[in-house]
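Chemist: Here you go, one structure.
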Amino acid sequence: MNATFLGELDQIVGREGVLRDPTDLLTYESDALARLRRRPGVVVLPKTAADVQAVVRHCHQNAVPFVARGHGTGLSGGALPAPDGVLIVLTRLNRILDVDIPNQRVTVEPGVVNLDVTQRVAPFGYYYAPDPSSQLVCSIGGNVAENSGGAHCLKYGFTVHHVLGLEAVLPNGEMVHLGGATLDTPGLDLLSVLVGSEGTLAVVTKVTLRLVRIPEAVRTLLAAFPSTEDAGNAVSEIIAAGIVPAAVEMMDRLTITAAEAAVHPGFPSAEAVLIVELDGAKAEVAELFGLVERICRSARATEIQIARDGEERARIWKGRKAAFAAMGRVSPNYYVQDGVIPRTKLPEVLRRIRALEVESGLRIGNVFHAGDGNLHPLVCYDERIEGQGALAERVASEILTYCIEAGGSITGEHGVGADKVQAMAHLFTADDLETMQLVRCAFDPTNICNPGKIFPTPRLCGEVPGPYRRHPIERAGLAERF
Amino acid sequence: MVDGAARSLTDLMAGAETVAGRGTARAAAAGDAIDGVLPRIVVEPPSAEAIADTLAWASRDSLSVVIRGGGTKLDWGTPPRAVDVVLSTTRMRAVLAHRHGDLTATVEAGAPLAAVNRELARHHQWLPLDPPSTDRATIGGIIATNDSGPRRHRYGAPRDLILGVGMARADGHLAKAGGIVVKNVAGYDLARLLTGSFGSLAVIVSATFKLFPLARTSRTVAIDIAGARELQSLASAFLASQLTPTALELELPPPRLLVRFESVEAAADEQAREAVSLAAAQGAKARVLQDGDETAMWDAHDRRPWEGRGAIVKVSVLVSDLGDTLTWLAEAAGIDDCEVTGRAGLGVLLIRVDGDAEAQARLLTALRQRIPVGRGSAVLLRGSRELKARVDAWGPIGDGLDLMRAVKQRFDPSGILNPGRGPGGI
Ligand SMILES: Cc1cc2nc3c(=O)[nH]c(=O)nc-3n(C[C@H](O)[C@H](O)[C@H](O)COP(=O)(O)OP(=O)(O)OC[C@H]3O[C@@H](n4cnc5c(N)ncnc54)[C@H](O)[C@@H]3O)c2cc1C
């Protein structure tokens, strides 16, 4: 990178906030999807929103691409650096700026760790609802960028349901405030588009979040089933009974074994376990929890453990939340997939995954947010065996085709990033993708903000699309556009 | 610039029927007027493709288009200068899919909400939105205005329930975003972008929503309250409690809080009892309503601001600013000249201001001056032309306005969709 450009960065964030030594850069070559690596041109660690703004403006003036990075726990290569670009690491913007309990909101800087928000407000009887399994380490800025979810999003919604206001630096260096402390700020809802845009539209520098009151009652059970199909049936019955659980999670034998080996949650040995949690008013939870228990039994549950207190509940959740990391106990390498299907397609898609397991010879563990049909197949492989890494990748992407064919999506929470750009073209038509990029062009016409992510074919923003004219064949009903 | 004024009516009709199909266009009649402005023609395309083709034609010929669903909120916001084409979605009213096992449904934009919910009720589910005029208000219009009602307290607004959208772009391309599953982060969230866009970016042709099971039992606790400050303090007490109401509404005059519990019977009863004691602890008198009395009370509450002819302002403030705002309002407007209902737990109010345009404008301006940008807003929904000539319907938009304009420019480069009517004049 050009020395004057770098010199200016030193001026903005101070020497100790600029990393350019190759060994220092190593940490920043990838996020948690270690397969995709690229060395950043330079890493900057600003301490304030004003610094971020100055860095972005500097990039814009010099037509240098930049990528925002939180704590680097992303699983789709979203924070993969741009070639010869600036990586803006937001971990030093880590202050909780305002806690407003009467209005049930907090304002934080993007580098604040997810769980820190809950820890800060728990003494007042509140928590921050979106709870990704990585909540101990991931940042709010990353959560906003990925629209992260967690086990409890079935009832409480995803990050987008909990963000009220954003301050962000646009790719041209201007700062905007979207949403605010109150609801329904007039104007286009650009806040909702910025959430989940994977760092491709702006760098978020401040976030106002909604807090949720800790419920009066919480009850959790763990039920073991002779097959994932039986467990799936139980989920369907629970939903059909008109119950909206706080969480419904499923794990299969392989992931149970892995979790047992890693954190010993005391899960029964079974083909599948279901974790069902209800929360809310005492009387409601008491009545519906009994119903859930009966449903599990009639769906052939072989064993039901009911958490008697917070400690036992924590133990059950520890087993679930450790599932990804625990796979290291049963396989030297594994590939975490993230796909979504309509929940009722679960048995069908699981059958296809089992067949794929046999056909490929690779073991596939399954852990999922069963309530909302979000699958996390874990494809096991051994990179020391020639060709297995590539095979695992093919298997993982084959599973995505099953998701698309079932009417689902290629990602429920980990994002498209650099990893799934090609799959986007299978899920969406060229027109769909082009329409999304209209937004991109409005925010980032010169394509310097996290370029190369999400979209398979970046659009040049100069052109304004002309009116569409239907082809005579389409007009005659002989061809469909999609 | 849009300019269809130079075109003859026959020319417009012929143009529309070529793209949208025979028998889909007619000359506008008095009942089609939008905030006092008579459009030239009304087109009712029968399909998404026909809508897209109509838009492509309008873009090519620079015709201004106003999208109409049930027509219940067409007079919200800035009045149009001139309208060439009213594009009506009323021929598209099917529930395309109700995946009850997945708790989702895909619906065409022209379907009235009440009709949709009748269909969903067959499987004891619903799209939990309860804005005004549900029998006429269409799904498309409700999304475009992000309109909601008392149950927003528990279920959120359309923005919180929408999963995917099918749209026709101004240039005539059909596109979709999101999907039919409840969890999905693939691509930009255009469904939410269109939500609340007031028809300024594209025509919503269909949408997929997350549904909820219908509650088994409902109870409402109606609490009479001494004044605005007491109202805020009781609303705050409910928020701080662990009760889980589906609605926490205020209305005045006279000040009342309406707290609804919907759950299994035991829980609805128990929570209603607790709500009564919570009110009693603050010295307020409460009673529990159910069945017919309850329904009638909510119907009256929902209609309240819309009855009478005054201007309707939607005000958004922090819950902790509710007491001050209401007290100020009662003094500034005179309590007999306004009517307030709203979400006490969310700080979103509908205020009807009676009196002449001059007085209404003064009040709205003063109200806006009280509210710093970022800490609330006051948007004029319904209002006379005289009033809207005096004050901007939307009020200050903040520093995101240029960006909103850039988005509008990309989606609708010829500026045919609802020109000048949207927030910030987009
Ligand atoms: C073990 C494990 C478990 C996980 N479990 C879950 C889970 O349950 N649910 C879930 O949703 N995810 C999960 N994840 C994925 C990951 O933790 C989330 O995506 C998280 O939100 C990323 O946060 P981060 O701070 O690490 O972001 P990074 O990885 O640093 O960045 C992620 C993306 O956000 C962008 N970004 C970061 N900060 C900003 C900012 N301030 N402004 C604009 N863009 C920004 C980056 O450019 C990048 O595109 C898991 C990951 C791991 C490793």
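The values are calculated or read from the model by the stated rules, or taken from the named source; none is laboratory data. Values in this document were obtained by computation on a predicted structure and should not be read as measured data. Every residue, glycine among them, receives a Cβ derived from its backbone with ideal geometry; neighbour counts consider all protein chains shown. Side chains are part of the model used for accessible areas, which takes the heavy atoms of the whole protein and leaves out ligands, DNA and RNA. Shrake-Rupley method; radii C 1.70, N 1.55, O 1.52, S 1.80 Å.
Chemist: Skip the ligands, DNA and RNA, and give the accessible area per residue of the range B:311-399 with a 1.4 Å probe, whole Å². Spell out each step's value before the answer.
Modeler: Working: 3260 Å² over 89 residues.
Dividing the accessible area of the range B:311-399 by its residue count gives 37 Å².
Chemist: For A:Lys282, list the lysines whose Cα falls under 23 Å from its own Cα; do not include residues on the same chain fewer than 8 positions away.
Modeler: Straight-line reach from A:Lys282, under 23 Å: A:Lys155.
Chemist: How well do other chains shield peptide B:372-382, expressed as the mean number of their Cβ atoms within 10 Å of each residue Cβ? Walk me through the numbers before you get to the answer.
Modeler: On the way: counts 2, 3, 9, 4, 6, 7, 1, 4, 0, 0, 0.
That works out to 3 on average.
Chemist: Highest mean first, what order results for B:174-181, A:267-274 on Cβ atoms within 10 Å? Numbers along the way, then the final one.
Modeler: Numbers: B:174-181: 24.1, A:267-274: 21.2.
Sorting B:174-181, A:267-274 by mean packing, highest first, produces B:174-181, A:267-274.
Chemist: Subtracting the Cα-Cα distance from 0.36 nm times the residue separation, let me have the gained length for A:Arg354 to A:Ser227 in nm, one decimal. Could you put the intermediate results ahead of the total?
Modeler: Details: separation 127, 0.36 × 127 = 45.72 nm, distance 1.22 nm.
Extending this stretch completely gives an extra 44.5 nm.
Chemist: Something else about it: What are the principal axis extents of the Cα atoms in the protein assembly as shown, in Å, biggest first?
Modeler: Here the Cα extents, ordered largest to smallest, are 79, 65, 61 Å.
Chemist: Where the centroid of each part is defined by its Cα atoms, how far is the range A:300-368 from the range A:165-239 in Å?
Modeler: One Cα centre to the other: 23 Å.
Chemist: Okay, next question. Under a Cβ-only charge scheme (Lys and Arg +1, Asp and Glu -1), can you give me the dipole magnitude of chain A about the Cα centre, in debye to the nearest 20?
Modeler: Using only the charged Cβ atoms, the result is roughly 80 debye.
Chemist: Same structure, new question: Under 17 Å from the Cα of A:Lys453, which lysines turn up, not counting those fewer than eight places away in the same chain?
Modeler: A:Lys420
Chemist: Hey, another quick one. Amide H to amide H, which residues 5 or more places from A:Ile101 or on other chains are under 5 Å from it, using H placed in the peptide plane?
Modeler: Amide H neighbours of A:Ile101: none.
Chemist: Follow-up. Treating only the Cβ atoms of Lys and Arg (+1) and Asp and Glu (-1) as charged, compute the dipole magnitude of the range A:3-89 about its Cα centre; round to the nearest 20 debye.
Modeler: Working: 9 positive and 9 negative charges, 46 e Å.
My answer is approximately 220 debye.
Chemist: Among A:Gly111, B:Ala333, B:Ala168, whose Cα sits farthest toward the positive end of the charge dipole of the protein assembly as shown (+1 at Cβ of Lys/Arg, -1 at Cβ of Asp/Glu, about the Cα centre)?
Modeler: B:Ala168
Chemist: Next up: Scan around A:Gly85 for amide H atoms under 5 Å from its own, H built in the peptide plane at 1.01 Å from N, and keep only partners 5 or more places away or cross-chain.
Modeler: The list, which skips near neighbours in sequence, is A:Gly41, A:Val42.
Chemist: Additional query: Of the beta bridges DSSP finds with both residues in chain A, what % are antiparallel, to the nearest 5? Can you show the working numbers first?
Modeler: Numbers: 59 of 67 bridges.
Roughly 90 percent of the beta bridges in chain A run antiparallel, per DSSP.
Chemist: Between the helical axis of A:49-61 and the dominant principal axis of chain A, each derived from Cα atoms, what acute angle in degrees is found, rounded to the nearest 10?
Modeler: The helix A:49-61 is inclined about 60 degrees to chain A.
Chemist: Also, quick follow-up: Could you state the accessible area per residue of chain A in Å², with a 1.4 Å probe and every protein chain left in place?
Modeler: Numbers: 17560 Å² over 482 residues.
In whole numbers, chain A has 36 Å² accessible per residue.
Chemist: Now a separate question. Grab the Cα-Cα distance for A:Glu383 and A:Glu398, subtract it from 0.36 nm times how many residues apart they are, and report the gain in nm with one decimal. Intermediate values should be presented prior to the final figure.
Modeler: Numbers: separation 15, 0.36 × 15 = 5.40 nm, distance 1.92 nm.
Answer, rounded to one decimal: 3.5 nm.
Chemist: Here is a follow-up. Go through the range B:394-408 residue by residue and turn each phi into a ³J(HN,Hα) via Karplus (6.51, -1.76, 1.60, θ = phi - 60°); whole Hz please, and just put x for glycine and proline.
Modeler: 8, x, x, 9, x, 7, x, 4, 4, 5, 4, 5, 5, 5, 4
Chemist: So which aspartates and glutamates pass the test for B:Lys176, namely a Cα distance under 14 Å, with those fewer than 8 places away in the same chain ruled out?
Modeler: Straight-distance partners of B:Lys176: A:Asp431, A:Asp432, A:Glu434, B:Glu49, B:Glu108, B:Asp189.
Chemist: Let me ask something additional. Across peptide A:171-179, what mean number of C-beta atoms from other chains lies inside 10 Å of a residue's C-beta? Don't skip to the end; give the middle numbers.
Modeler: Numbers: counts 0, 1, 0, 3, 1, 7, 5, 5, 3.
For this peptide, the per-residue mean of nearby foreign Cβ atoms is 3.
Chemist: Measuring from centroid to centroid over Cα atoms, what is the spacing of the range A:15-35 and the range B:86-114 in Å?
Modeler: 50 Å
Chemist: I'd like to compare A:370-376, A:354-360: which one has the highest average count of other Cβ atoms within 10 Å, and what's the full order after that?
Modeler: Numbers: A:370-376: 26.9, A:354-360: 14.0.
Result, highest mean first: A:370-376, A:354-360.
Chemist: Next up: Within 10 Å of each Cβ in peptide A:157-169, how many partner chain Cβ atoms are there on average? Round it to a whole number, please. List each step's numbers first, then the result.
Modeler: Numbers: counts 6, 4, 1, 5, 4, 0, 0, 0, 1, 1, 2, 2, 0.
If you average over the peptide's residues, the count of other-chain Cβ atoms is 2.
Chemist: Could you sort the peptides A:289-298, A:16-25 by per-residue average Cβ neighbour count (10 Å cutoff), highest mean leading? Please list the in-between numbers first.
Modeler: On the way: A:289-298: 17.4, A:16-25: 13.3.
So the peptides A:289-298, A:16-25, ranked by packing, come out A:289-298, A:16-25.
Chemist: Leaving out ligands, DNA and RNA, calculate the buried accessible area for the pair A and B with a 1.4 Å probe, summed over both sides, in Å² to the nearest 100. Intermediate values should be presented prior to the final figure.
Modeler: Details: alone 21210 and 18450 Å², together 32120 Å².
In total, this chain pair buries about 7500 Å².
Chemist: Relative to the first principal axis of the alpha-carbon coordinates of chain B, what is the inclination of helix B:357-370, with its axis defined by its Cα atoms, in degrees from 0 to 90 and to the nearest 10?
Modeler: 70 degrees
Chemist: Report in % the part of the accessible area of the protein assembly as shown that belongs to carbon and sulfur, leaving out ligands and nucleic acids; probe 1.4 Å. Provide the component values of the computation, followed by the final result.
Modeler: Working: 16360 of 32120 Å².
The value for the protein assembly as shown is 51 percent carbon and sulfur by accessible area.
Chemist: Given C-alpha coordinates of the range A:96-213, what is the ratio Rg to Rh with the Kirkwood estimate of Rh? Mind dumping the intermediate values first?
Modeler: Details: Rg = 13.2 Å, Rh = 14.0 Å.
That ratio is 0.94, to two decimals.
Chemist: In addition: Which ³J(HN,Hα) values, rounded to whole Hz and listed in residue order, are derived for the range B:126-138 from phi using the Karplus coefficients 6.51, -1.76 and 1.60 in 6.51 cos²θ - 1.76 cosθ + 1.60 with θ = phi - 60°, glycine and proline given as x?
Modeler: Going residue by residue, I get 7, 8, x, 10, 9, x, x, 6, 5, 6, 10, 4, 8 Hz, with x marking Gly and Pro.
Chemist: Continuing with this model, one more query. Kindly write out, for the range A:283-295 in residue order, the coupling ³J(HN,Hα) from the Karplus curve 6.51 cos²θ - 1.76 cosθ + 1.60 (θ = phi - 60°), rounded to whole Hz, with x marking Gly and Pro.
Modeler: 5, 5, 4, 4, 5, 6, 5, x, 5, 4, 4, 5, 4
Chemist: Just checking chain A: which Cys have no other cysteine's beta-carbon under 4.7 Å?
Modeler: A:Cys59, A:Cys138, A:Cys153, A:Cys296, A:Cys380, A:Cys403, A:Cys449
Chemist: Please give the Cα centre distance for the range B:164-212 versus the range B:307-379, rounded to the nearest Å.
Modeler: 32 Å
Chemist: Nearest 20 debye, what's the magnitude of the dipole of the protein assembly as shown about its Cα centre given +1 on Lys and Arg Cβ and -1 on Asp and Glu Cβ?
Modeler: Values: 95 positive and 106 negative charges, 93 e Å.
Approximately 440 debye in magnitude.
Chemist: Please compute the per residue accessible area over the range B:113-211 with all protein chains in place, 1.4 Å probe, rounded to a whole number of Å².
Modeler: On the way: 2240 Å² over 99 residues.
About 23 Å² of surface per residue is accessible.
Chemist: For a label point 7 angstrom out from the Cα of B:Ser62 toward its Cβ, which stretches of the range B:383-426 have the backbone nitrogen within less than 13 Å?
Modeler: B:414-416
Chemist: For chain B, what does the helix formula give at 222 nm: sum of -39500 (n - 2.57) over DSSP H segments with n ≥ 4, over the residue count, nearest 500 deg cm²/dmol?
Modeler: Values: 14 runs with 139 residues, N = 426.
Result for chain B, helices only: -9500 deg cm²/dmol.
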